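Presented below is the structure to which this report refers.
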Amino acid sequence: MRRVVITGMGIWSCIGRNQEEVSASLRAGKSGIGYDEARKEYGFRSPLTGMVETPDLKALLHRRLRTGMSQEAQYAYMAAREAFEQAAIDEQYLLDHEVGILFGNDSTAKPTVEMHETMLEKHDTALLGSGLIFQSMNSTVNMNLSTIFHLRGINFSVSAACASGSHAIGLGAMFIRQGLQDTVLVGGAQEVNPYAMAAFDALGTFSCRVNDPTRASRPFDTDRDGLVPSGGAAALVMEEYDHAIARGATILAEVCGYGFSGNGGGISQPSSEGSFIAMQRALADAGMQPEDIDYVNAHATSTKQGDEEEAIALTRLFGGKRTWISSTKSMTGHECWMAGASEAVYSILMMQQGFVAPNINLEHVDPAAETLRLATTTVDTELKTVLSNSFGFGGTNSAIVLRTIGD
C-alpha cells in the first residue's frame with residue numbers, strides 16, 4: 001500500500017500565528033483564551049473565546065482575490081501559505097503539478113448575516129456585490145484556496161462538525177493510498193466572529209468563568225463548567241512517500257492510521273462506544289496496539305458529558321498504561337471545524353521537539369479519567385507515535401494515528 005507522509009504544515013490560531021509561536025505556547029502551557037467585549041454587547045451568555053488575530057492580506061493578495069474570502073478563508077490562506085513554504089512547493093510547482101485540496105469547514109455565518117442586514121436596509125440584491133456569495137458558501141475555503149494556489153486535483157469541503165479537520169486528513173490519506181492523488185493540501189478552518197457562535201451559546205455549553213478566562217477551559221477537571229469556543233486554521237501538505245522522496249522533500253511525519261464511526265444516537269449526544277470504535281479502527285489501520293501509542297491528544301472539550309464519555313473509551317484502551325494523554329483544548333479552547341487539523345499540527349510539533357503539552361487547569365481529575373496518565377505539566381519525552389481524536393455533533397467520530405518516519 002502507498003504510504004502517506006506530511007511534508008509541510010501551517011497554523012494560525014489563538015496560541016500563535018505560525019509553528020514557532022505555537023510550539024512555544026504549547027511547551028509553556030500558554031492559554032490563548034480571552035474576554036470578548038463584542039460578544040457581551042451582542043447578548044452572549046459567555047463572552048469567552050480564543051483570541052485569534054485577523055491577518056492583513058493587503059500586501060499579500062490582490063483585492064480581486066480578497067473579495068470572496070470569508071474570515072476562515074483568510075485564516076486558511078495564512079496556514080496554507082506556511083505549509084506550502086515548508087514543503088518547498090512554490091507557485092511554479094503548483095502550476096506544473098496537480099495538487100488537491102480537502103478542507104474541513106462546517107459553517108460560515110458572518111457573510112450570511114451581512115447579506116441579510118443589507119437586504120433589510122436596501123431591499124435591493126444588486127447592492128450585495130459579488131464577493132458575499134463566495135464568502136457565504138460552506139466551500140468558501142476550498143474555492144478561495146484552489147483559486148489562489150492553482151489547485152487542480154480533488155477539491156471539496158468536509159462538513160462533519162468538530163471532526164471536519166480530522167476527516168479531511170483521513171480522506172486525503174485515502175485518496176493518496178489509492179493512487180488517485182500524489183499530493184493533497186488538507187486542513188480545517190473556523191471563523192471566530194460572534195455571529196458564528198451565538199446559537200452554540202444558546203445551548204448553555206460555554207464556560208462562564210469570566211473572571212479568569214485563561215482558566216476557563218478545563219478538560220477532564222471535575223470543576224469544568226463548559227467549553228470555550230475558538231478558531232483559526234491549520235493546513236498540512238500530504239504526499240505519497242516515494243513522491244516526496246523523489247522531489248527531496250523533508251518528511252515531518254507519516255499518517256499511518258485513520259478510524260471513524262457514527263454514534264447513531266442523539267444529535268448532540270457523545271458516545272464512549274463510538275469513540276472507542278473510531279480509535280480502535282485507527283489503531284488497526286496503523287497495525288498497532290494501544291501499547292504502541294506514546295501520546296493521545298484527546299478531543300476533550302471541557303464539557304461534563306463529553307469528557308466523561310471519551311475518558312471511558314480512553315480507559316478501555318489506555319487505562320493504566322504508559323501512554324501520555326492531554327487535551328490541547330485546555331490552552332486553545334475548542335477550535336471546532338479546524339480542531340482535528342490543528343491538533344494534528346500540535347501533535348507533530350510535539351513529536352518533532354520531544355515533549356507532551358500539558359493539560360492545563362487540571363486540578364481535580366474526573367473519576368472517569370483517574371486511571372489515565374494525564375499530563376498536567378509539560379513532559380519532556382520522546383514521541384514516536386501519536387493518536388489524535390476528534391468527535392462532533394451528529395455522532396461523527398474520527399481518529400488519526402501519526403508516527404515519526406522510519407518506525
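Observations on the structure shown:
- Among VAL379, ASN361, MET331 - extreme Cα towards positive end, dipole of the chain, charges at beta-carbon: MET331
- FRET efficiency, 1/(1 + (r/R0)^6) with R0 22 Å, evaluated for ILE267 and ALA38 via beta carbons: 0.15
- With a simple spin-label model that places each label point 7 Å from the Cα along the Cα-to-Cβ direction, the separation between ALA246 and ARG64 comes to 3.4 nm.
- Once the mean of 1/r is taken over each pair of separate Cα atoms and inverted, the stretch 290-407 shows a Kirkwood hydrodynamic radius of 14.2 Å.
- Over the stretch 175-238, the hull volume per residue, using the convex hull of the C-alpha atoms, is 151 Å³.
- Inter-label distance for ARG177 and HIS364, nm, one decimal - labels placed 7 Å from Cα along Cα-to-Cβ: 4.4 nm
- Here the extension length gained between CYS208 and THR54 equals 53.0 nm, from 0.36 nm per residue of separation less the Cα-Cα distance.
- Efficiency of FRET between GLN305 and HIS116 - r from beta-carbon atoms, R0 35 angstrom, step 0.05: 0.55
- Cα gyration tensor shape of the stretch 4-246, rounded if a/c is under 1.5, else prolate or oblate by comparing a/b with b/c: oblate
- In the frame of its principal axes, the chain has Cα extents of 63, 54, 39 Å, reported largest first.
- Measuring between alpha carbons in the structure, the pairs from LYS304/LYS384; LYS30/LYS321; LYS58/LYS329 lying more than 29 angstrom apart are LYS304/LYS384; LYS58/LYS329.
- Residue-averaged 222 nm ellipticity for the chain, from DSSP H runs of 4+ at -39500 (n - 2.57), nearest 500: -10500 deg cm²/dmol
- Computing FRET efficiency as 1/(1 + (r/R0)^6) for ARG316 and ASP96, where r is the C-beta to C-beta distance and R0 is 56 Å, gives about 0.70.
Read the figures in this text as sums done on the coordinates, not as results from a lab. Remember, it's a predicted structure, so these values are computed and weren't measured experimentally. Because the Cβ atoms are built from the backbone with ideal geometry, glycine has one as well, and the counts that use them run over all protein chains shown.
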